[in-house]
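Visitor: Got a structure for you, written out below as structure tokens; questions coming shortly.
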Amino acid sequence: MNESIDKQSPVPIYYQIMMQIRTKIDEGEYKADCALPPERELVETYKVSRMTVRQALAELVNEGILIRRKGVGTFVAPPKFEQALSGLTSFTEDMAQRGMKAGAHIISFAETKPDSAVRKALGLEPQENIFECVRLRLADEEPMALERTSLVAAMCPGLSREDLENRSLYTLLAERWGIRLDHASQSLEPMLATSYEAALLHVATGSPLLLMYRITYDQDGRAFEYVKSFYRGDRYKFITELYRKAGR
């Protein structure tokens, strides 16, 4: 492909470089996990300053198209997981559909009093407790999401930390307590990783994350679960279908 840069164009030079690198990725010249040429080589190829090349690469890193590996170089990021917002499935089910092994590392587990946000979301009385579990969700041993789950304690008495190690929560709730998920309400917003989230998810501080809140209801319409999840922005994209006409 043509690698020349039009310096008379109103399109910024760094953006032209970005689009050319994107095209090479789309056409398979640069494949997933492939290392990009060193900065000095890109400078010579495009006849621009190193600062301009760095700006183009930084933008592609921010978009999750490229990833930087400290001391190694810049690589094409692996394809993102597409997660449908219209379906209600567990992380374990999602990974199984992709032919991957789901896992979980329990960071904390306790029976406790909920904060006001969780109490309101689950419709609890002041004296009611929750089980709160913070889990790092893994796919083939790679961190994908950090999840804080709050469950109504009275609906799943006896739940233990060991129950949630590498097992689908929804399968456990159905088999042991007869709780079957029916529907959920959820919201999604972007955020930047703090040093805490970055360390657990193996990303750089300030990397883009997708923050999801979800309230899940059982077959009787009772709210039994409130989840706050941090998904890696470089590995996930969420999709949904929209219809103009009501009733579809």
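Visitor: Could you tell me whether GLU128 is in contact with a Leu (Cβ under 9 Å, 6 or more places away or on another chain) and under 22 Å from SER168 (Cα atoms)?
Guide: no
Visitor: Hey, another quick one. Do you know which of the residues in the range 108-154 that are within 24 Å of PRO208 (Cβ to Cβ) and of a type in the set (Gly, Ala, Ser) is farthest from the chain's Cα centre (by Cα)?
Guide: ALA117
Visitor: Could you check how many residues of the range 205-236 are loosely packed, with under 14 Cβ neighbours inside 10 Å and either in contact with a helix residue (DSSP H, G or I) (Cβ under 6 Å, 6 or more places away or on another chain) or assigned by TED's automatic domain parsing to the domain that holds ALA58 (or both)?
Guide: 1
Visitor: Go over the candidates LYS47, LYS31 one by one and state the one that is exposed (fewer than 15 other Cβ atoms within 10 Å of the Cβ) and within 25 Å of HIS202 (Cβ to Cβ).
Guide: LYS31 is the lone residue from the list that is exposed (fewer than 15 other Cβ atoms within 10 Å of the Cβ) and within 25 Å of HIS202 (Cβ to Cβ).
Visitor: Would you be able to say whether some residue in the range 163-179 is among the aromatic types (Phe, Trp, Tyr), within 23 Å of GLY103 (Cβ to Cβ) and assigned by TED's automatic domain parsing to the domain that holds ALA110?
Guide: Looking through the range 163-179, at least one residue is among the aromatic types (Phe, Trp, Tyr), within 23 Å of GLY103 (Cβ to Cβ) and assigned by TED's automatic domain parsing to the domain that holds ALA110.
Visitor: Filter the range 138-170 for residues that are within 27 Å of MET191 (Cβ to Cβ) and without any contact (Cβ under 8 Å) to a residue 60 or more places away in the chain and give the result.
Guide: Listed by number, the residues that qualify are LEU138, ALA139, ASP140, GLU141.
Visitor: Please tell me if ARG244 is surrounded by fewer than 17 Cβ atoms within 10 Å (Cβ to Cβ), of a type outside the set (Asp, Glu) and touching a Phe, Trp or Tyr at 6+ places or on another chain (Cβ under 6 Å).
Guide: Considered against the rule, which asks whether it is surrounded by fewer than 17 Cβ atoms within 10 Å (Cβ to Cβ), of a type outside the set (Asp, Glu) and touching a Phe, Trp or Tyr at 6+ places or on another chain (Cβ under 6 Å), ARG244 comes out as no.
Visitor: Tell me which strands (runs of 3 or more DSSP E) are completely within the range 70-179 and hold 1 or more residues being of a type in the set (Ser, Thr, Tyr) and at pLDDT 95 or above, or say none if there are none.
Guide: It comes to 102-112, 142-152.
Visitor: Go through the range 203-248 residue by residue and tally those that are farther than 22 Å from PHE81 by Cα and in a loop (DSSP other than H, G, I, E, B).
Guide: The total comes to 10.
Visitor: Filter the range 28-58 for residues that are part of a loop (DSSP other than H, G, I, E, B), under 26 Å from the mean Cα position of the chain (by Cα) and without any contact (Cβ under 8 Å) to a residue 12 or more places away in the chain and give the result.
Guide: GLY28
Visitor: Another question, if that's okay. Check off (1) buried (at least 18 other Cβ atoms within 10 Å of the Cβ); (2) closer than 24 Å to GLY71 by Cβ for GLU39 and give me the number that stays unchecked.
Guide: All conditions are met except number (1).
Visitor: So which residues in the range 192-202 are among the aliphatic types (A, V, I, L, M), in contact (Cβ under 8 Å) with a residue 60 or more places away in the chain and in a loop (DSSP other than H, G, I, E, B), if there are any at all?
Guide: none
Visitor: Now for a separate question. Which residues, taken from the range 180-191, are closer than 30 Å to ALA154 by Cβ and either in a helix (DSSP H, G or I) or of a type outside the set (D, E, K, R) (or both)?
Guide: Correct list: LEU181, HIS183, ALA184, SER185, GLN186, SER187, LEU188.
Visitor: In the range 220-248, what residues are over 20 Å from ILE130 (Cβ atoms) and free of Cβ contacts under 8 Å to residues at least 40 places away in the same chain?
Guide: Across the range 220-248, the qualifying residues are LEU242, TYR243, ARG244, LYS245, ALA246, GLY247, ARG248.
The values are calculated or read from the model by the stated rules, or taken from the named source; none is laboratory data. Given the structure is predicted, the values throughout are model-derived calculations rather than measurements. With ideal geometry, Cβ positions are generated from the backbone for all residues, glycine too; neighbour counts draw on all protein chains shown.
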